[in-house]
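Trainee: Below is the structure I would like to discuss, written out as structure tokens.
The values are calculated or read from the model by the stated rules, or taken from the named source; none is laboratory data. Note that the structure is predicted; figures quoted are calculated from it, not measured. Here the Cβ positions follow ideal geometry from the backbone for every residue, glycine too, while neighbour counts run over all protein chains shown. In case anyone asks, the SASA skips ligands and DNA or RNA and just uses the protein heavy atoms, side chains included. Shrake-Rupley method; radii C 1.70, N 1.55, O 1.52, S 1.80 Å.
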There are 6 protein chains.
Amino acid sequence: MSLVITDPPRVPAELAAAFAPFGVATVHEAQGRTGLLAAYMRPIYPGARIAGAAVTVSIPPADNWMLHVAVEQCTAGDILVVAPTSPCDTGYFGDLLATSLAARGVRGLVIEAGCRDVAELREMGFPVWSKAVSAQGTVKETLGSVNIPIICAGQLIHPGDLIVADDDGVVVVPRPAAAAVLENSRAREANEASKRERLKAGELGLDIYKMRERLAEKGLVYRRHGDAG
Amino acid sequence: MSLVITDPPRVPAELAAAFAPFGVATVHEAQGRTGLLAAYMRPIYPGARIAGAAVTVSIPPADNWMLHVAVEQCTAGDILVVAPTSPCDTGYFGDLLATSLAARGVRGLVIEAGCRDVAELREMGFPVWSKAVSAQGTVKETLGSVNIPIICAGQLIHPGDLIVADDDGVVVVPRPAAAAVLENSRAREANEASKRERLKAGELGLDIYKMRERLAEKGLVYRRHGDAG
Amino acid sequence: MSLVITDPPRVPAELAAAFAPFGVATVHEAQGRTGLLAAYMRPIYPGARIAGAAVTVSIPPADNWMLHVAVEQCTAGDILVVAPTSPCDTGYFGDLLATSLAARGVRGLVIEAGCRDVAELREMGFPVWSKAVSAQGTVKETLGSVNIPIICAGQLIHPGDLIVADDDGVVVVPRPAAAAVLENSRAREANEASKRERLKAGELGLDIYKMRERLAEKGLVYRRHGDAG
Amino acid sequence: MSLVITDPPRVPAELAAAFAPFGVATVHEAQGRTGLLAAYMRPIYPGARIAGAAVTVSIPPADNWMLHVAVEQCTAGDILVVAPTSPCDTGYFGDLLATSLAARGVRGLVIEAGCRDVAELREMGFPVWSKAVSAQGTVKETLGSVNIPIICAGQLIHPGDLIVADDDGVVVVPRPAAAAVLENSRAREANEASKRERLKAGELGLDIYKMRERLAEKGLVYRRHGDAG
Amino acid sequence: MSLVITDPPRVPAELAAAFAPFGVATVHEAQGRTGLLAAYMRPIYPGARIAGAAVTVSIPPADNWMLHVAVEQCTAGDILVVAPTSPCDTGYFGDLLATSLAARGVRGLVIEAGCRDVAELREMGFPVWSKAVSAQGTVKETLGSVNIPIICAGQLIHPGDLIVADDDGVVVVPRPAAAAVLENSRAREANEASKRERLKAGELGLDIYKMRERLAEKGLVYRRHGDAG
Amino acid sequence: MSLVITDPPRVPAELAAAFAPFGVATVHEAQGRTGLLAAYMRPIYPGARIAGAAVTVSIPPADNWMLHVAVEQCTAGDILVVAPTSPCDTGYFGDLLATSLAARGVRGLVIEAGCRDVAELREMGFPVWSKAVSAQGTVKETLGSVNIPIICAGQLIHPGDLIVADDDGVVVVPRPAAAAVLENSRAREANEASKRERLKAGELGLDIYKMRERLAEKGLVYRRHGDAG
């Protein structure tokens, strides 16, 4: 059955907003190295970083009809997350759909398929993470579903989950875990900030992280170049 | 036989120039979704958009001799389009050939193989769409042909055909179709401009395109989150 | 055995510095078209060009422990070169390690695996050439070796060899060959500069390189479009 | 946390056995075209077809320790299903583990990573569907989990779900759906058998499926070769 | 416009049949190294070799409706050749369509997309060359065309052209060239047969092809291992 | 300089022969998990297993001239190992070269490029491990070298090194290490044979390898399905 679920619970807007300073790598670490989408999900232009609640779309191959349906389900701060039911690099998304999403305050798109109008999207500042760039168009013949759980680029995503995306890729944080992951991200970032200062000052990770003893135990051997083996 | 066809008829310069405002996605749609080169043809730097007449080159693997022959066949406003006779990512093209082409007023290169001197080409503003970036050089031992029909990245291209290329990729418009495709591109763009305004103002595609009835007919079901299935 | 070789001989700093004006394509040609790393080694941001002495690291899949060991072996002007013992796109390297390397004057990283914190690295101006971008983290369980000969992206690299990297990719010059390759690079560049001027002025490569006779001997045929075949 | 869930409910053995005559394509259609694993999951030798209950394993990159843990959780008729937490083609599995699984009556392995000892496995008749063949070994340093829900090759798989695999690939049927999907598979197969006879006798699908009218409505035009367009 | 061209001229049946002894590599050489389809077109099982006249199909992504239309256009000895209008690995073709084609005497299928029911097709002995194996099904919503010129896997194919396919891949011979290519194939094979005997007897290609002089001219140096360089 | 080194020392024939019973995975483990060629090196037909001394060839892209030169350098028991100087999938090798090599007692070919005449090679029983199958032919214009050290599929190979290849891939054993690796392979195989018997009898790896304690130390938790977390 083709279904549109309306008004699913979303990760609260202020909670999502609090993720703004944190990159994908930090958030991924902060939730125990889970939730990272496949590395082929790349930004169409460098420098964007967004966090928001997922509106999910399951969509047939080479058919973007349901994206029009999904737009209506989006509210300010959302991120549209789209996965085709079979692999497809067709250009599902362009500047008209982006204009419509931007008008509703949507922060960006994550799509395991193709995107087009890249120059216009960069100019608009509407960021997209996609598997491909392709000008190839789609048809509007077959239904899909909106706001059901989907698997996108290898991760299970529920509507309302938190999505964070930047130049490193895309990570999903399950809605119930978002508050805890925010705490971990903050703690991790604070810890890293202090480490960064010490490393900048020339201290070595070997000493900061006290690695020398364990390395020796494992059998690491240092030998001066030219000395006998 | 290795052949150079001189002075093939070209899409007229003013007609090619009239395509300047239109992107690859628009032109591709305007000619009925045909003519798009494979999505692995990517620009070596973002932001370029060109339109011009194709000078075609069929070239052996890892041998760029015929590119020197082809330069002489190019005139102002042309785009050089190159396909190897067997798949090859070697770096056939660099800044010297680009200097020579630029001196003749050539607008850019489309090559289903490798390109090098990317930093210099970006600095010169000479755009290239290629399958690969590779510093690996070529030999000059075997002939090929210039201005014969070629298949480049999955599309049949005749000398003199119109080529349009931007961040979305590359599309070919057969010379006889160019005038009609220009009309369609203009009509399409005009139509999209009015749609863009309405979408920007918050109207929904569902309403603008009158999709709701057909979606319902196909059986799309809306259900409020939490309501029974 | 896991081994760290300390203080290997390096290509002299002033010699490495003299390579600064030359791109990868030039250096690759100047040493007889050898030493080019595989084309999948791409810069994480455009525009960087570096030359320096290799500190080599052989590292287990998905385990970046030895990078911390390697940092201590680096001195100003070095380039860290890392290859996993089996193929792996995990994100071994991020902004903390980069901060530590930058504090020691290291010029950049070449890694046949994944890199993360791309936005931060771009902001820091710490260039990386990698096979992938991935936020996926690594463990610290298994040893590797530092400053042993490694094969990285298809090339044999000894510690202390010269590495040159730019938008075209990465090339290695064996330490003993560096002085001669520098001479060749200079000669080549000088020769190209004069060619570039002539090409800019509209002379043809066909004439500059005196290709017409050999092309005719090989049987190249010119035919005016529309003339009988 | 690293967790081994023991004795999860499984799709009943007789229900799984009833799937034996049906191929992956049939089962996939019979459950509404869902559940198909990515097409890169290929059998290591042709001709095997298996159906059974999934024992799931989430496993670190390049570390096969948990496979030994998983063996103990397997019972006769099971299929081991393994996904690494980050992409990895290392050879996790070979003939010793297969011997151990075969001794317990396990029907085969589905692994989104590498497999080795292919010749021995073919000789034993222990079928494997994997993403890669690689002799590269793994370490035993880091824990994972057994019988938790995993995402393998793009599909969510719960322990106890039904797995069907053949030369076409691998499909998962959620445990609660298995009985209904079996009915659909039977109905579909019966329907196809009658169609097969009619097609064999030379009847056309155009007539059997009554497609001609709808094709004409959509505007399909027949034209004899050589007639004017 | 969606068009079915009926009764196009075909390469004569006895001419196609005469190609039976020749492999793809021979035919490809015999027509001057042109016409080879991309190397990703692989047989679904080893050992098949076919030659016949092309019935061509241009087909939308993930929609196999037109295959049913195409069946009616096939006659004994034909080979169905299918290319999607945008790249797609979906499983367009299975054992029912094969049964229908086999009933009409069709020799096999070449499809730049996915195929399923591989085990059944192998059992039936109906050979397929495809880009992918995938159980994923298609819809029947959008028209395409039959017996128009198509580009399949990088080659232009007209209806009625000769197709030869074996374990090495697929080659197309334009209909007007088939007789001449047959002669060349025979001559080439005869020549190779005599060479094969001499090579089998231990003569060297260096001598048979009289390569030694030209190698020496080009500067090839022989040096005994251990002698000074 | 293009060089042919004649009569390099080879791993002794009887030593190479002694590797016959051991697979690639065993030999790779026995030499400390080094020497494995990239996993894209696949056999053109299943079931072959060979061991012998490498005759190495460095060869230009799409030019197989040096293979004819290399044949003369081969003696009974050798394996020809070929790497192009830049990546290339062209079909360098077919049944005529195989006939010539077989006449000299060569055991097989390892080539990081394309191979053709696959059906004939399978019939002859001449095994090839290649990166691609392609009927595309090569030219004979440019020299290369024979019996110099090469990098093939990511591994450094010296002439005379031991090569072992089977369905799992290809591994190189440096000549000086061959005797020791043979010992290790035998020991490993003996150890595995006893393990295999115990596993076959139903003993668990967990017990045979005494893993339970270390797993518990690392924190592995067992929980019965349905029990609280």
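Trainee: Given C-alpha coordinates of region B:135-227, what is the ratio Rg to Rh with the Kirkwood estimate of Rh?
Mentor: Ratio of gyration radius to Kirkwood radius: 1.23.
Trainee: Determine the per residue accessible area of region F:1-92 with all protein chains present and a 1.4 angstrom probe, expressed in square angstrom.
Mentor: Per-residue value: 28 Å².
Trainee: If the only charges are +1 at each Lys and Arg Cβ and -1 at each Asp and Glu Cβ, what is the size of the charge dipole of chain A around the Cα centre, to the nearest 20 debye?
Mentor: Approximately 800 debye in magnitude.
Trainee: Related question: Quick check: from the Cα gyration tensor, does region D:1-160 come out rounded (a/c under 1.5), prolate or oblate?
Mentor: Here region D:1-160 falls in the rounded category.
Trainee: Taking every DSSP beta bridge with both residues inside chain B, roughly what % is antiparallel (nearest 5)?
Mentor: Looking only at bridges with both residues in chain B, the antiparallel portion is about 45 percent.
Trainee: May I ask you to evaluate 6.51 cos²θ - 1.76 cosθ + 1.60, the Karplus curve with θ = phi - 60°, for each residue of region A:41-52 and list the ³J(HN,Hα) values in order in whole Hz, giving x for glycine and proline?
Mentor: 7, 10, x, 7, 8, x, x, 7, 9, 9, 9, x
Trainee: Between E:LYS200 and E:GLU123, what's the calculated FRET efficiency when r is the beta-carbon distance and R0 is 35 Å? Round to 0.05.
Mentor: 0.45
Trainee: Which whole-Hz couplings ³J(HN,Hα) result when phi for each residue of region A:67-72 is put into the Karplus expression 6.51 cos²θ - 1.76 cosθ + 1.60, θ = phi - 60°, listed in order with x for Gly and Pro?
Mentor: Rounded to whole hertz, the list is 5, 5, 5, 5, 3, 4.
Trainee: What is the magnitude of the charge dipole of the protein assembly as shown about its Cα centre, with +1 placed on the Cβ of each Lys and Arg, -1 on the Cβ of each Asp and Glu, and no other charges, expressed in debye to the nearest 20?
Mentor: 0 debye
Trainee: Also: Express the relative contact order of region F:5-161 as a whole percentage, based on alpha carbon pairs under 8 Å and six or more residues apart in sequence.
Mentor: 32 percent
Trainee: Is there a quick way to get the dipole size of region F:1-74? I mean about its Cα centre, with the Cβ of Lys and Arg at +1 and of Asp and Glu at -1; what is the value in debye to the nearest 20?
Mentor: In debye, rounded to 20, region F:1-74 gives about 260.
Trainee: When chain C is modelled as a GNM with alpha-carbon springs shorter than 10 Å, which of C:ALA53, C:ALA180, C:ALA16 fluctuates the most?
Mentor: Maximum fluctuation in the GNM of chain C, among the listed residues, is at C:ALA180.
Trainee: Chains E and F: how much accessible area gets covered up at their contact, both sides added, probe 1.4 Å, in Å² to the nearest hundred?
Mentor: 3300 Å²
Trainee: Take the solvent-accessible surface of the protein heavy atoms, probe 1.4 Å, and return the percent of it on region E:157-229 that carbon and sulfur atoms account for.
Mentor: 51 percent
Trainee: Taking every DSSP beta bridge that has both residues in the protein assembly as shown, what percent is antiparallel when rounded to the nearest 5?
Mentor: Roughly 40 percent of the DSSP beta bridges within the protein assembly as shown come out antiparallel.
Trainee: Given region F:68-215, what whole percent of its Cα pairs are spread farther than 28 Å?
Mentor: Tail of the P(r) past 28 Å holds 35 percent of the pairs.
Trainee: Please give the average number of partner chain Cβ atoms lying within 10 Å of the Cβ of each residue in F:23-30, rounded to a whole number.
Mentor: 5
Trainee: Now for a separate question. Quick one: among F:LEU199, F:LEU156, F:LEU101, which has the greatest mean-square fluctuation in a GNM of chain F with alpha-carbon springs under 10 angstrom?
Mentor: F:LEU199
Trainee: Still on this structure, I have one more. What residues of region C:104-129 lose no less than 50 Å² of accessible area with every protein chain in place versus their chain by itself (probe 1.4 Å, heavy atoms only)?
Mentor: Residues shielded by partner chains are C:ARG116, C:ARG122.
Trainee: How big is region E:112-186 by Rg and Dmax over its Cα atoms, in Å?
Mentor: In order Rg, Dmax, the Cα atoms of region E:112-186 give 15.2, 46 Å.
Trainee: Hey, another quick one. Just the accessible area per residue of region F:133-173, please: how many Å² with a 1.4 Å probe?
Mentor: 18 Å²
Trainee: Could you tell me which residue out of D:VAL139, D:PHE126, D:ALA228 lies farthest along the dipole of region D:100-229 toward its positive end? Charges go on the beta carbon: Lys and Arg +1, Asp and Glu -1, centred on the Cα centre.
Mentor: Positive-end residue among those listed: D:ALA228.
Trainee: Let me ask another. Label-to-label distances across copies for C:PRO149, with labels 7 Å out along Cα→Cβ, in nm, shortest first?
Mentor: Relative to the other copies, C:PRO149 has label-point distances of 0.2, 5.2, 5.3, 5.3, 5.4 nm.
Trainee: If you count, for every residue in F:136-148, the Cβ atoms of partner chains within 10 Å of its Cβ, what is the mean?
Mentor: That average works out to 5.
Trainee: How many Cβ atoms of partner chains, on average, are near each residue of F:83-93 if near means within 10 Å of its Cβ?
Mentor: 6
Trainee: Give me, ordered by chain and number, the residues 5 or more places off B:THR6 or on other chains with an amide H under 5 Å from its own placed amide H.
Mentor: Counting only residues 5 or more places away or on other chains, the set is C:ARG223, C:ARG224, C:HIS225.
Trainee: Under the rule of -39500 (n - 2.57) per DSSP H run of 4 or more residues, summed and divided by the residues of chain F, what mean residue ellipticity at 222 nm is obtained, to the nearest 500 deg cm²/dmol?
Mentor: Counting only the DSSP helices, I get -9000 deg cm²/dmol.
Trainee: Something else now. Pop a pseudo-label 7 angstrom from the Cα along the beta-carbon direction at both A:ASP207 and F:ALA17 and give the gap in nm to one decimal.
Mentor: Here the modelled spin labels are 6.2 nm apart.
Trainee: Identify the residues of region D:27-67 with backbone N under 12 Å of a label point that sits 7 angstrom from the Cα of D:ALA187 along the Cα-to-Cβ direction, or state none.
Mentor: D:30-32
Trainee: Rounded to the nearest percent, how much of the accessible area of region F:1-155 (1.4 Å probe, protein heavy atoms only) is carbon and sulfur?
Mentor: Reported share for carbon and sulfur atoms: 54 percent.
Trainee: What is the distance in Å between the Cα centres of region F:121-136 and region A:184-213?
Mentor: 53 Å
Trainee: Let me ask something additional. Identify the residue of chain E whose Cβ lies closest to the rotation axis that maps chain E onto chain A, and give that distance in whole Å.
Mentor: For chain E, the closest residue to the axis carrying it onto A is E:GLU141, 2.
Trainee: I would also like to ask the following. With no solvent and one equal point scatterer per Cα, compute the Debye intensity ratio I(q)/I(0) for the protein assembly as shown at 0.06, 0.07, 0.08 Å⁻¹ and report its log10, rounded to two decimals.
Mentor: Summing over Cα pairs of the protein assembly as shown leads to -0.54, -0.76, -1.04.
Trainee: Step through the residues of region D:18-30 one at a time and calculate ³J(HN,Hα) from phi using the Karplus curve (6.51 cos²θ - 1.76 cosθ + 1.60, θ = phi - 60°), rounding each to whole Hz and writing x for Gly and Pro.
Mentor: Values per residue, Gly and Pro as x: 5, 7, 3, x, 9, x, 4, 4, 5, 5, 4, 5, 5 Hz.
Trainee: Return the single residue from B:MET66, B:MET211, B:MET41 with maximal mean-square fluctuation; model: Gaussian network over chain B, springs between Cα atoms under 10 Å.
Mentor: B:MET211
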